[in-house]
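As structure tokens, the structure follows; a few thoughts come after it.
The values are calculated or read from the model by the stated rules, or taken from the named source; none is laboratory data. These figures come from a predicted structure and were not determined experimentally. Positions of Cβ are generated from backbone atoms using ideal geometry, with glycine treated the same way; all protein chains shown enter the neighbour counts. These accessible areas exclude ligands, DNA and RNA; they are computed on the full protein's heavy atoms, side chains included. Shrake-Rupley method; radii C 1.70, N 1.55, O 1.52, S 1.80 Å.
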Amino acid sequence: MAIVTDKAELLKEVMADPEHALRVFRGGDVPVQMLRDLAAHHQYVNVQIFLAGCQDTPSRILEELFASTQSLEALTHLADNPRTPKTILQQLAKHDDPEVRRAVAASHGISPQTALILCDDPRPEIRVALAENSAISPRIQIRLSEDPVPFVRASLLKSSRLDEEVQQALADDRDFTVQARAILAPKLAPAELLKLADADEHLQQR
């Protein structure tokens, strides 16, 4: 890991393409003091995007960015940054822009309170991102397993930490496609498979 020592070179990279700079300068590459200097002396949108996405940016700077930036790209990066305070994530969950809310739904730093807000989001694609998020609690998974849109319910099966009871409920879902996906999922417990084999319905038996 090479530590960045030339502030002018860093600024040049960030101004040229902040997304590229975020890929090049990873965690631990940029000294915290250099990030503080960038935040204090350069209010360019590209700098805001870089600071919002950099995992070494102090939480205080992220709070200031949230209060000052008009960049949707920066807000999306804030939603994905593990250092962003949970109180800010909760406010971003109510943002007008669906991409910002989708980024919050996919964040591994999401709190149960923020997840509850997004369970009622009017956009199904945002609820899908929430369902696929392995950081949500079983309580949130149960709530999403009752979502009116079948694709949202089925998206829970993509989670690497799906609660066993939720998967069992999905295997008995009212929608044929959700039920089939749950039954075919490799994580279904052997006891549940035996129960399905004894069921009256042909699909469940198969």
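Observations
- Theoretical gain in end-to-end length, PHE151 to TYR44 [0.36 nm per residue, Cα-Cα removed]: 34.5 nm
- Translational diffusion coefficient of segment 35-133 (Stokes-Einstein, Kirkwood radius from Cα pairs, 20 °C, 1.002 mPa s): 161 µm²/s.
- Placing dummy labels 7 Å off each Cα toward the beta-carbon, the span from ASP97 to VAL24 is 2.4 nm.
- Of LYS7/LYS86; LYS12/LYS94; LYS12/LYS158, those spanning more than 32 Å from alpha-carbon to alpha-carbon: LYS12/LYS94; LYS12/LYS158
- Computed about its Cα centre, the charge dipole of segment 13-110 is approximately 360 debye, with only Lys, Arg, Asp and Glu carrying charge at their Cβ.
- When the alpha-carbon atoms of segment 38-93 are used, the pair Rg, Dmax equals 9.8, 30 angstrom.
- Nearest-ten-degree value, helix 7-16 long axis tilted from longest Cα axis of the chain: 50
- Excluding ligands, DNA and RNA, the accessible surface per residue across the chain is 54 Å² with a 1.4 Å probe.
- Positive contributions from Lys and Arg (+1) and negative ones from Asp and Glu (-1), summed over other residues with Cβ under 12 Å from the Cβ of HIS20, come out at -1.
- Qualifying trypsin sites (Lys or Arg not before Pro) in segment 9-76, where qualification requires a DSSP coil assignment and no more than 13 other C-beta atoms within 10 Å, comprise ARG26.
- Applying the criteria of a DSSP loop state and at most 12 other Cβ atoms within 10 Å to the trypsin sites (Lys or Arg not before Pro) of segment 134-183 yields ARG161, ARG174.
- For the chain, relative contact order (Cα pairs under 8 Å, six or more residues apart, normalised by length) works out to 10 percent.
- Computed magnitude of the charge dipole of the chain (debye, nearest 20; Cβ of K, R +1, Cβ of D, E -1): 260
- On segment 1-45, 56 percent of the accessible area sits on carbon and sulfur atoms, based on a 1.4 Å probe.
- Convex hull volume of the chain per residue (C-alpha atoms, cubic angstrom): 124
- Linear extension gain, GLU9 paired with GLN33, 0.36 nm per residue minus alpha-carbon span: 7.1 nm
- Ranking LEU72, PRO18, THR57 by Cα position along the charge dipole of segment 1-97, where only Lys, Arg, Asp and Glu carry charges on their C-beta atoms, puts THR57 farthest toward the positive end.
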